[in-house]
Amino acid sequence: MYAFTYRKAKDVKDAAAGLAKNADAKLLAGGQSLIAAMKLRLSAPPELIDLGTISELRGIKSDGKNVVIGAMTRHAEVAASTDVKKAIPALAYLASQIGDRMVRNMGTLGGAIAHNDPAADYPAAVVGLGATVETNKRKIDADAFFKGIYETALDPGEIITSVSFPIPKRAAYMKFKQPASRFAMVGVMVADTGKDVRVAVTGAGPCVFRVKEMEQALGKKFAPDSVANIKVPDKGLNSDIHASAEYRAHLVTVMAKRAVEAALK
Amino acid sequence: MPVKVSMTVNGKPVSAEVEERTLLVNFIREHLRLTGTHVGCDTAQCGACTIEMNGDAVKACNMLAMQAEGAKITTIEGIAAADGTLHPMQEAFREHHALQCGFCTPGMVISAIDLVRRHPNPSEEVVRAELDGNFCRCTGYHNIVKAILDAAPKVAAMR
Amino acid sequence: MASMNIIGTSVKRTEDYRFLTGGGQYTDDVAPHHATYAVFVRSPHAHAKIKGIKTDKAAKARGVHAVYTGDDIAKAGINGLPCGWLITDVNGQPMKEPPYPVLAQGKVRHVGERVAVVIADTLHEARDAAELVEVDYEVLPAVVNGAEARKKGAPVLHEIAPDNTCYVWAIGDKAKVDDVFKSAAHTTKLEFVNNRLIPNAIEPRAAIGNYSRAEDAYTLHVASQNPHVERLLMTAFVMGLPEHKVHVIAPDVGGGFGSKIYLYGEDVVVTWASKQINRPVKWTADRVESFSSDAHGRDHVTTAELALDKDGKFLAMRVHTTANVGAYLSTFASCVPTILYATLLAGQYTTPVIYCEVTAVFTNTTPVDAYRGAGRPEATYVVERLVETAAREMKIDPAEIRRRNFIKEFPYQTPVALLYDTGNYNATLDAATKLGDVAGYAKRKEQSKARGKLRGIGYSCYIEACGIAPSSVAGSLGARAGLYEAGEVRVHPTGKVTVFTGSHSHGQGHETTFAQVVASRLGIPMDDVHIVHGDTSKILFGMGTYGSRSIAVGGTAIVKAVDKVIAKGKKIAAHLMEAAENDVEFSDGIFRVTGTDKQVPFGQVALTAYVPHNYPHDKLEPGLNENAFYDPSNFTFPAGSYVCEVEVDPDTGKTSIESFVAVDDFGKIINPMIVEGQVQGGLTQGIGQALMEGCRYDSASGQLLTGTLTDYCLPRAEDVPHFKIDTRETPCTHNPLGVKGCGEAGAIGAPAALMNAITDAIGVRDLAMPATAETVWRAIAMKKAA
């Protein structure tokens, strides 16, 4: 780890001021990706602004229409939340599948989506459920938030404050784990919002993406068979030592089908 | 620029001037000389560094000491009773031969205690799934799982 | 009086309390005053010339004491790391032994090779400064695959091996074997890779060198499986230091699995540097370093053939293996794919003739050496995959074909040099088929099918040669060391006993097992026995722990020393009881005069030895302290039968292990609980090899692709089943305890059982390890397409 300066932000405004002062500073949320990268000297921010003690960023609220989760809410809190389990069990389940127990006790929703690891689970939830990302400056629609590999719509100095998940009629997440890292080799969130169906895939490509063909088919008939024969093209999908693009493409179909099965249960 | 960090470790208030980049695990091992918390990897996979922070198991190698400012920390040295009597989880590990080289053991025990607090009556399947943040290269997990299943009701009875 | 015999009982471990309470002391826990920290600058390239190294910036950085490169090591007269086993090739020539420098000399040959070391006051400072060392590399083409390295035009690693070949070695009668193959009723041929593994003991390697001017002596704390061997190699071969002025301590060691047997360059550098800067120098590997610098395991490419008669009797076996030894010869690299591999190819069977040829090849990869099982897992994989495949081809039940070929009369001389002293292979196979309810398999397969899953069953009947070794035999085969073990039993005046053993425990529980042996033999409480290991200044000598040798060789050395104590005790007791020595017998801690009620307890004899007022001074020295060396007369031959059932999800290719049965014959068992633990751990490493572990290099650049735990997959708790384990017992015939050793069995036998089961489930002939979900899915898809 390279040397850096460290400060605790008092509140979101204080954190934003810190970022304004030092454009190279980085926000520290749970740190489960950032600290690991810094330890390997792959990331070298000169300053860390720790959001850890800002209580306004932490917490879960549900109003019957939306579940709003503070950016600094831990994965373990989302997974265990009775509100989330009741309103969007698929989201609680997804959170319970991130990393391992100890990682979930530190890692945060805001940190995860700001980092936008191509194999992270949360992007599938945000896009699959059609959530809205709220920042200290604006609201960003899920479909506009994730831009590419480790890239988001966040402007410099912009801080995620919460994510609002509309409560779907039914939804489910299915994940095929990369066996070593436990990130998603392929993760599929299927959600029937009541108005339409959304299918979001993480892990398979450089960034979370939707599968329109599956969405349309499921919109007509929400059943496993509707997606069983829909193949996503493997062109552009990730190919590495853990899985070829072809295999990932295949898993998208299998996981989507299983997610629909689960959503119907 | 050193920064001051303070926390409570195994019931004792501690504080020190540390470099900002000091990881919590280094603070525990090097500043406090509590060497029961181990480091087995660089990527937060192995779980040998697992400690309890404010009641939750976390990986001390994947966080800064400053992130534990003001926290209540329990390390493996703080698990047994003051007179040296083993905690039921430690006792179950001994009884069931759930450790061999001992290197993963401190993290495994802390993780196991956290597990049975959340699942007072876990199935074998739950235990295996919930241990995914801790590697053991010696035991094949078999006896660790047995020990946790055995200790679960005893730990529940402690509360 | 109750018997003190606690052999065969599951005594809880003595060592557990300290490990459970954070009291273990591993090398990185040792904190000498004024310690400095070493960080190694490592090669980012698989193959490159070093045109120059600039260290001035690093040397001037904050907190830095010294920066050393290969030049400094050469100037200091430090030699390369030696190989402990000389293999003679098919032409009678010695193997090629290129120098294995402690720090690179002009060239690097694998990613992660040590190039320079930076020593600073803190670890952060050393790391920061290490980045300031400027190395000018001229990158060369690299080769990582053993077969590719032998091709014409492949990049050459070492001048003395222009074809990258270390040796071509063979065993057996080729002409005879070829003849049998020509006329055999059936032949089975398989070609496969035994995948390269990275050991990953959870404690990373670590070493602390500490030179004392006052004593003109060095202390080295090191995570090692054999501190005496480490010291001998380091002093006599590498550094030219006086052996008695180097004190090596291997304290608690967090797993080894072979990877901590060897003398590594880091150990040498910290020892040497501690004198140069007159401060302790500490180095602990991070996991990334472990991946590229701990010796790897396996990496064979093999063509294997079995010839059978029409009834499935094995007639001959023919095996050609290319063994990738990596960039340099590690300490025991040369004997693993030869002496520890080809000699095991008879397995449990009466195959009358066997020929095996092994080509050892240098590549731009981390050196390969012994990893849990070392040669024997590779041999078992060859034999048991061939046997299972032949059975399927000939439509003979796979258990039945094994029974038809089992060795049933002992001692049995195999065609590949070994003499099996004893065994009962039907007993373990019968027990395993019962415990695994093979009779109910067909029904379970139907149930799986109803769930849309493919079920398969696989066997593996392994044998291993443990308790290495008769030194004379090992010496005739090229070993450059003896392979005995030493033990010392020190009886104190109060009757308490300290035992010093040359074996080293890094998880095996010697402090318990050895104490059980001594307490039982002396008839004293186990609490009165303390086992000391891992310290060259306390223990007279030791060859260390590997190859499942500790109880068979180290345990026997202790028994011999105990027996000497008893023999001397009888003399003292005879004097005390005014009886003839021949009339004194010893049992349950009491010396008695046969046929009388005269007796003295062990404790009184011990006290008399140290307070010799009434003592036969004309015949005996005072004191009660004996040592013994034990050099075994033969290897031991643990064997067993494993049955594995898997279920494959055809949609994803994911395999789940539904049942794993292991019935082993380890001879006499001292502590069943500890033995079962060893089996469970070994099985899990074997399952890891078969299902998930596999070191990968990029073939073009030679970069290590599985260089962290996020890419190299170790088994987790949910990847392995609840094991069903049992034992059968045919005592070893040539050691007093009748023991054989149990540390490696699981890792040796498991991969073949698992791969036999998966290939059975999906109906293919062969499949590459690790059988990842994608590998299995592809095999299913290809089968469908065909």
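The values are calculated or read from the model by the stated rules, or taken from the named source; none is laboratory data. Since the structure is predicted, the reported quantities are computational estimates derived from the model, not experimental observations. Don't worry about glycine lacking a Cβ; one is built from the backbone with ideal geometry, like all the others, and counts go over all protein chains shown.
For region B:58-92: of the residues being buried (at least 24 other Cβ atoms within 10 Å of the Cβ) and within 12 Å of chain C (Cβ to nearest Cβ), which is farthest from the chain's Cα centre (by Cα)?
Filtering region B:58-92 for residues that are buried (at least 24 other Cβ atoms within 10 Å of the Cβ) and within 12 Å of chain C (Cβ to nearest Cβ), the one farthest from the chain's Cα centre (by Cα) comes out as B:ALA92.
If I filter region A:4-21 down to residues being surrounded by 14 or more Cβ atoms within 10 Å (Cβ to Cβ) and without any contact (Cβ under 8 Å) to a residue 40 or more places away in the chain, which single residue comes out as nearest to the other protein chains (Cβ to nearest Cβ)?
Keep residues of region A:4-21 that are surrounded by 14 or more Cβ atoms within 10 Å (Cβ to Cβ), which gives A:4-9, A:11-12, A:14-19.
Restricting the remaining residues to those that are without any contact (Cβ under 8 Å) to a residue 40 or more places away in the chain gives A:14, A:17-18.
On the way: A:ASP14: 16, A:ALA17: 19, A:GLY18: 14 Å.
Of everything passing the filter in region A:4-21, A:GLY18 is nearest to the other protein chains (Cβ to nearest Cβ).
Would you call B:ALA98 more than 7 Å from chain C (Cβ to nearest Cβ), surrounded by 24 or more Cβ atoms within 10 Å (Cβ to Cβ) and assigned to a loop (DSSP other than H, G, I, E, B)? Break it down stepwise before answering.
Numbers: more than 7 Å from chain C (Cβ to nearest Cβ): yes; surrounded by 24 or more Cβ atoms within 10 Å (Cβ to Cβ): yes; assigned to a loop (DSSP other than H, G, I, E, B): yes.
It is true that B:ALA98 is more than 7 Å from chain C (Cβ to nearest Cβ), surrounded by 24 or more Cβ atoms within 10 Å (Cβ to Cβ) and assigned to a loop (DSSP other than H, G, I, E, B).
So, in region C:670-705, exactly how many residues are within 7 Å of another protein chain (Cβ to nearest Cβ) and closer than 28 Å to C:ASN756 by Cβ?
7
Test each condition in (1) in a loop (DSSP other than H, G, I, E, B); (2) surrounded by 24 or more Cβ atoms within 10 Å (Cβ to Cβ); (3) more than 12 Å from chain B (Cβ to nearest Cβ); (4) not basic (Lys, Arg) for C:VAL776 and report the one that comes out false.
Unmet condition: (1).
Is it fair to say C:ASP121 is touching a residue at least 12 places away in the same chain (Cβ under 8 Å), surrounded by fewer than 19 Cβ atoms within 10 Å (Cβ to Cβ) and not assigned by TED's automatic domain parsing to the domain that holds C:LEU220?
Details: touching a residue at least 12 places away in the same chain (Cβ under 8 Å): yes; surrounded by fewer than 19 Cβ atoms within 10 Å (Cβ to Cβ): yes; not assigned by TED's automatic domain parsing to the domain that holds C:LEU220: no.
Answer is no for this residue.
Please go through region B:108-134 and give me each residue that is away from chain A (no Cβ under 12 Å) and of a type in the set (Asp, Glu), ordered by number.
B:GLU124, B:GLU125
Restricting to region C:128-143, name every residue that is within 35 Å of the chain's Cα centre (by Cα), away from every other protein chain (no Cβ under 14 Å) and surrounded by 20 or more Cβ atoms within 10 Å (Cβ to Cβ).
C:ALA142, C:VAL143
Name the residue, out of C:VAL102, C:VAL115, C:VAL135, that is touching a helix residue (DSSP H, G or I) at 6+ places or on another chain (Cβ under 8 Å), assigned to a strand (DSSP E or B) and either farther than 18 Å from C:PHE362 by Cβ or among the small types (Gly, Ala, Ser) (or both). Write out each step before concluding.
Values: C:VAL102 fails: assigned to a strand (DSSP E or B); C:VAL135 fails: touching a helix residue (DSSP H, G or I) at 6+ places or on another chain (Cβ under 8 Å).
Of the residues listed, the single one that is touching a helix residue (DSSP H, G or I) at 6+ places or on another chain (Cβ under 8 Å), assigned to a strand (DSSP E or B) and either farther than 18 Å from C:PHE362 by Cβ or among the small types (Gly, Ala, Ser) (or both) is C:VAL115.
Could you check region C:155-169 and list, in sequence order, the residues that are in contact (Cβ under 8 Å) with a residue 60 or more places away in the chain, surrounded by 15 or more Cβ atoms within 10 Å (Cβ to Cβ) and either out of contact with any Ser or Thr (no Cβ under 9 Å at 6 or more places or on another chain) or assigned to a loop (DSSP other than H, G, I, E, B) (or both)?
Within region C:155-169, C:PRO155, C:LEU157, C:HIS158, C:ALA161, C:ASN164 qualify.
Looking at region C:196-250, which of the residues that are in a loop (DSSP other than H, G, I, E, B) and of a type in the set (Lys, Arg) is farthest from C:VAL336 (Cα to Cα)? Walk me through it before giving the result.
Pass one, region C:196-250, residues in a loop (DSSP other than H, G, I, E, B): C:196, C:198-205, C:213-216, C:223-226, C:240-242, C:250.
When the remaining residues are screened for being of a type in the set (Lys, Arg), the result is C:196, C:205, C:213.
Details: C:ARG196: 14, C:ARG205: 22, C:ARG213: 40 Å.
If we take residues in region C:196-250 being in a loop (DSSP other than H, G, I, E, B) and of a type in the set (Lys, Arg), then C:ARG213 is farthest from C:VAL336 (Cα to Cα).
For B:ARG137, only one of the following conditions fails: (1) surrounded by fewer than 24 Cβ atoms within 10 Å (Cβ to Cβ); (2) among the charged types (D, E, K, R); (3) more than 12 Å from chain A (Cβ to nearest Cβ). What is its number?
It fails just one condition, (1).
Please work out which residue is modelled with the lowest pLDDT, limiting yourself to region C:382-437 and to residues that are over 20 Å from C:ASP726 (Cα atoms) and of a type in the set (Gly, Ala, Ser).
Ranking the candidates gives C:ALA417 first.
Condition first: of a type outside the set (Asp, Glu), out of contact with any helix residue (DSSP H, G or I) (no Cβ under 6 Å at 6 or more places or on another chain) and surrounded by 16 or more Cβ atoms within 10 Å (Cβ to Cβ). Now tell me which residues in region A:81-100 satisfy that. Break it down stepwise before answering.
Of region A:81-100, the ones of a type outside the set (Asp, Glu) are A:81-82, A:84-99.
Of the ones still in play, those that are also out of contact with any helix residue (DSSP H, G or I) (no Cβ under 6 Å at 6 or more places or on another chain) are A:81-82, A:86-90, A:93, A:97, A:99.
Once the filter is applied, which keeps residues that are of a type outside the set (Asp, Glu), out of contact with any helix residue (DSSP H, G or I) (no Cβ under 6 Å at 6 or more places or on another chain) and surrounded by 16 or more Cβ atoms within 10 Å (Cβ to Cβ), region A:81-100 yields A:SER81, A:ALA87, A:ILE88, A:PRO89, A:ALA90, A:TYR93, A:GLN97, A:GLY99.
Please determine, by comparing only the residues of region C:274-288 that are surrounded by fewer than 24 Cβ atoms within 10 Å (Cβ to Cβ) and either assigned to a helix (DSSP H, G or I) or touching a Gly at 6+ places or on another chain (Cβ under 9 Å) (or both), which one is nearest to the other protein chains (Cβ to nearest Cβ). Outline the logic, then answer.
If we filter region C:274-288 for residues that are surrounded by fewer than 24 Cβ atoms within 10 Å (Cβ to Cβ), which is where we start, we get C:275-280, C:284-288.
So of that shortlist, the ones also either assigned to a helix (DSSP H, G or I) or touching a Gly at 6+ places or on another chain (Cβ under 9 Å) (or both) come out as C:275-277, C:280, C:287-288.
Details: C:LYS275: 25, C:GLN276: 25, C:ILE277: 21, C:PRO280: 15, C:ARG287: 4, C:VAL288: 6 Å.
Looking at the filtered set, the residue picked out is C:ARG287.
Taking strands (runs of 3 or more DSSP E) that fall entirely within region A:1-56, which contain at least 3 residues that are over 24 Å from the mean Cα position of the chain (by Cα) and within 19 Å of B:VAL5 (Cα to Cα)?
A:5-8
Inside region C:1-35, can you point out the residues that are more than 10 Å from every other protein chain (Cβ to nearest Cβ), within 18 Å of B:LEU32 (Cβ to Cβ) and surrounded by fewer than 15 Cβ atoms within 10 Å (Cβ to Cβ)?
C:HIS33
Hey, could you check region A:101-120 for residues that are part of a helix (DSSP H, G or I) and away from every other protein chain (no Cβ under 13 Å) and say which is surrounded by the fewest Cβ atoms within 10 Å (Cβ to Cβ)? Before you say what the answer is, go through the steps one by one.
Step one: of region A:101-120, the residues part of a helix (DSSP H, G or I) are A:101-104, A:109-115.
Next, from what is left, pick out any that are away from every other protein chain (no Cβ under 13 Å): A:109-110, A:112-115.
Working: A:LEU109: 32, A:GLY110: 27, A:ALA112: 26, A:ILE113: 26, A:ALA114: 23, A:HIS115: 18.
In this case the residue turns out to be A:HIS115.
Go through region C:531-540 residue by residue and tally those that are in a loop (DSSP other than H, G, I, E, B) and closer than 16 Å to C:LEU220 by Cα. Spell out how you get there, then give the answer.
First pass over region C:531-540, keeping only residues in a loop (DSSP other than H, G, I, E, B): C:534, C:536-540.
Pick out the ones that are also closer than 16 Å to C:LEU220 by Cα and you get C:534, C:536-539.
Total meeting the criteria: 5.
Would you confirm, using the coordinates I've provided, whether C:ILE73 is part of a helix (DSSP H, G or I) and under 32 Å from the mean Cα position of the chain (by Cα)? Show your work before the answer.
Details: part of a helix (DSSP H, G or I): yes; under 32 Å from the mean Cα position of the chain (by Cα): yes.
Considered against the rule, which asks whether it is part of a helix (DSSP H, G or I) and under 32 Å from the mean Cα position of the chain (by Cα), C:ILE73 comes out as yes.
Determine if region C:29-46 includes at least one residue that is touching a helix residue (DSSP H, G or I) at 6+ places or on another chain (Cβ under 6 Å) and part of a loop (DSSP other than H, G, I, E, B). Talk me through it step by step, then tell me what you get.
Applying the first criterion (touching a helix residue (DSSP H, G or I) at 6+ places or on another chain (Cβ under 6 Å)) to region C:29-46 yields C:37-39, C:41.
From what is left, the residues that are part of a loop (DSSP other than H, G, I, E, B) are none.
Looking for residues that are touching a helix residue (DSSP H, G or I) at 6+ places or on another chain (Cβ under 6 Å) and part of a loop (DSSP other than H, G, I, E, B), one finds none in region C:29-46, hence no.
I need the full set of residues from region A:211-241 which are within 12 Å of another protein chain (Cβ to nearest Cβ) and small (Gly, Ala, Ser), in order please.
Going through region A:211-241, the residues within 12 Å of another protein chain (Cβ to nearest Cβ) turn out to be A:224, A:228, A:239-241.
Result: A:ALA228, A:SER239.
Answer yes or no: is there a residue in region C:169-183 that is over 25 Å from C:GLY478 (Cα atoms), touching a helix residue (DSSP H, G or I) at 6+ places or on another chain (Cβ under 8 Å) and modelled with pLDDT of 95 or more.
Checking region C:169-183: not a single residue is over 25 Å from C:GLY478 (Cα atoms), touching a helix residue (DSSP H, G or I) at 6+ places or on another chain (Cβ under 8 Å) and modelled with pLDDT of 95 or more.
Determine if region A:54-70 includes at least one residue that is more than 30 Å from A:GLY187 (Cα to Cα) and surrounded by fewer than 16 Cβ atoms within 10 Å (Cβ to Cβ).
Quick first cut of region A:54-70, residues more than 30 Å from A:GLY187 (Cα to Cα) only: A:54-56.
Cutting the leftovers down to surrounded by fewer than 16 Cβ atoms within 10 Å (Cβ to Cβ) gives us A:55-56.
Yes, region A:54-70 has at least one match.
Got a number for residues in region B:94-139 being over 30 Å from C:HIS510 (Cα atoms) and of a type in the set (A, V, I, L, M, F, W, C)?
Selection size over region B:94-139: 4.
What tally of residues in region A:242-257 results from selecting those that are within 20 Å of A:GLY219 (Cβ to Cβ), aliphatic (A, V, I, L, M) and facing chain C (nearest Cβ under 9 Å)?
Of the residues in region A:242-257, the ones within 20 Å of A:GLY219 (Cβ to Cβ) are A:252-253, A:255-257.
Still in the list and also aliphatic (A, V, I, L, M): A:252, A:255-256.
Filter once more, keeping what is facing chain C (nearest Cβ under 9 Å): A:255.
The qualifying residues number 1.
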